[in-house]
Structures are given as C-alpha cells and as structure tokens.
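Data first, discussion second: the structure below is written as structure tokens.
The values are calculated or read from the model by the stated rules, or taken from the named source; none is laboratory data. Please read all numbers here as calculations on a predicted model, not as lab measurements. Glycine also receives a Cβ, built like all others from the backbone with ideal geometry; neighbour counts cover every protein chain displayed. With ligands, DNA and RNA removed, areas are computed over all heavy atoms of the protein, side chains included. Shrake-Rupley method; radii C 1.70, N 1.55, O 1.52, S 1.80 Å.
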Amino acid sequence: MKTHESTVDQFDAEALKELRPEQQLGKTALVLAAVCVAAWFSNIVNGSPLLDALPGMLILYVMVIIGLVVGRLCPFYLPSVAWVSLISIIATLPVFPGNGWIIGQLAEVNFLAVVTPVLAYAGLALTHREFSMFKQTGWKLVIVALLVFTGTFIGSAVVAHVML
C-alpha cells in the first residue's frame, strides 16, 4: 500500500511562518501599494474624481501597514487580518482623535469598487497546497460548499425580505 504524504505536511512550521505577510514587510508593502493604486483607479467606477479618494486610500494603506507591523512585533500570534481590523476599528472609534476626518476621507472611497479586484484575486490565487487539500477531501467538500452557499443566499434573502 502506497502512503501519500500531503504537501501541507512537507512544510515545516518555520517555513510557513516565513511566508506570512508580516514577516516580509518590504514585499508586502510594495504589493499592497500596487493593490492600492489599482483599487484607487477602480474607484472611478462610481464616478467620483480620483483626487477625492486619494486621502482615503492612503489612510487604508497606512492602517494595513500599521496592523502588519503590530502583528510582527507582538509577542503572541494573531492573524494579520485581525491586527489590521483592530487598528482600523480603533482609528475610527469616536474617542480616537481625528476620527471624524478619517471617516470623512474613507467615505470618499467606494468600497465595492475596491474589494471587487481583491476578491477576484483571492478567488484565483489557489496554490498547489489548496489543490492537494481539495483532492484529499474530494466530492464531500463540493457538497458542503453548495449547502453553505445555498444557506447563505436563502438567509440573506430572508433578512432582506424582513428588513425591506
């Protein structure tokens, strides 16, 4: 009987730790800058001028970089998205100095136009590791995914029907 070693097991914990964005701040900052520029240009979709959204995009960029730096310097591990979310929430709290200005600048950014390219990339960025995990789970994952999508759609429709 042939044993199959999954690709997840081939990576040791140290190698996976080095792949995290907070461990490669230089590369992450450059890629994030490129994504912010693309998102800034996609903000034209809603018809707003580019210069109106520039301060908001810069604020988003700074909040993400601060979250990544905090994640790198913190003595315990928390995913980068949690640190970025926490920094963003703190910066927009009513007790934070300048929160009105920050919220006003962020209001100029069309978030639907910003997240569409990011979500498209996230959907396309499948690695060999994800494909090997899919091969291991097989058809059961497809059934679970379809049930989750259907439940989410029906739940959203019920909430929208009740609220609207």
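Expressed in Å, the radius of gyration and Dmax of the Cα atoms of region 63-164 are 18.9, 52. With the highest mean first, a sort of the peptides 71-79, 32-40 on other beta-carbon atoms found within 10 angstrom per residue produces 32-40, 71-79.
Relative to the current alpha-carbon distance between residue 163 and residue 89, full extension at 0.36 nm per residue lengthens the span by 24.0 nm. The share of accessible area on region 43-108 that comes from carbon and sulfur is 77 percent, using a 1.4 angstrom probe.
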